[in-house]
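Comments concern the structure below.
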Amino acid sequence: MWKTVLRRILLMIPQLFILSVLIFILAKFMPGDALTGSIGPNTDASVIEQLRRDSGWYDPWHVQYGRWITNAFKGDFGISTQYKQPVTRVIGSRAINTFNLSLFALILMYIIALPLGIFSGKYQGSKFDKGVVLYNFISYAMPSFVLYLFAILFFGYTLKWFPTMGSVDSSLNPGTLSYVLSKFYHLIMPASCIAILSTTGTIQYLRNEIIDAKTEDYVKTARSKGVPMNKVYTHHIFRNSLLPIAAFFGFQITGLLGGSIIAESIFNYPGMGNLFIDSIVTRDFPTVNALIMLFGLLNLLGSLLSDIIMSIVDPRIRIE
């Protein structure tokens, strides 16, 4: 299996290369240029022209791309025109917040989805199952921004239970217990909203798999041998029904790590998703290009991670 993993990792190199070319070409079609975010309305035209020449703006596109991708492989994605800092430093500070939000949202999602999916499939047709189906329908049909805005209005402004923006109370000193608790307190509302909207697929897959598994021959055989139904569920139905969930686990991890763009923007949470929107608005091309490359890498790693998890969970499956 490890040889296959190594081959998949090597295959990522040309995939990331193609992605980098597309990113660079599309960036050229965006309005403005790399200096848009660093010059003011009163900047003299001659100064702008000189800055463009110094930055190599008039070089052929393949020369500019070669210079950019060479520096990128060295870990240098340029200087953010918005924050006047290296792009890697800007993204790194936001990546920690996104990681915390994603991890908390993922834990909450499985805490909600697994029990609902399991018991809904086990007690198909019951009032509990109908309630889960209704919950699933509402969470799937509801636009994400509606839930986010409702949470801010009701839990933030009306009840004043949770803060409505930011990732920590800026008046606290880093490293203290109050600082850590404040960061956790700021995570609760956005992470809960993301988790609620992310449960739909997991609940539906798990419910359908359990319902289908109850009619399989191996279940009938176990029942004919006198195996108690609870043990059939525990040792056969639940274990096999979790395979599709395991298949999507890698994508869910890396997808959340990429940052929930809408959630971070509405909650004004300083993560990578919020940074991505701000960078597009301010024409911060170095940061935009670096973030898209990072999101692409995370998707490729998610696919590989899902295959590895599947091969571990189900010994019958081997990635070749």
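Within segment 115-132, the residues that satisfy the criterion of being open to solvent by less than 50 Å² (accessible area, probe 1.4 Å) and in contact with a Ser or Thr (Cβ under 9 Å, 6 or more places away or on another chain) are 116, 117, 118, 120, 121, 126, 129, 131, 132. Consider segment 229-244 and keep the residues that are at pLDDT below 75 and open to solvent by 60 Å² or more (accessible area, probe 1.4 Å). The one that is nearest to residue 307 (Cα to Cα) is 242.
Based on what the data block shows, is residue 220 within 27 Å of residue 115 (Cβ to Cβ), at pLDDT below 85 and surrounded by fewer than 14 Cβ atoms within 10 Å (Cβ to Cβ)? Judged against the criteria, residue 220 is a match. Looking only at segment 179-200, decide whether some residue is open to solvent by less than 70 Å² (accessible area, probe 1.4 Å) and without any contact (Cβ under 8 Å) to a residue 12 or more places away in the chain. Yes, there is a match, as at least one residue in segment 179-200 is open to solvent by less than 70 Å² (accessible area, probe 1.4 Å) and without any contact (Cβ under 8 Å) to a residue 12 or more places away in the chain. Summed over segment 143-160, residues that are open to solvent by 60 Å² or more (accessible area, probe 1.4 Å) and touching a residue at least 24 places away in the same chain (Cβ under 8 Å) total 3.
All conditions in (1) surrounded by 15 or more Cβ atoms within 10 Å (Cβ to Cβ); (2) β-branched (Val, Ile, Thr); (3) under 21 Å from residue 113 (Cα atoms); (4) out of contact with any Ser or Thr (no Cβ under 6 Å at 6 or more places or on another chain) hold for residue 210, with the sole exception of (4).
The values are calculated or read from the model by the stated rules, or taken from the named source; none is laboratory data. Computed from a prediction, not measured in an experiment: that's the story for all the values here. Note that each Cβ is placed from the backbone with ideal geometry, even for glycine, and that neighbours are counted across all protein chains shown. Ligands, DNA and RNA are stripped out before the accessible areas are found, and what is left, the full protein with its side chains, is counted by its heavy atoms. Shrake-Rupley method; radii C 1.70, N 1.55, O 1.52, S 1.80 Å.
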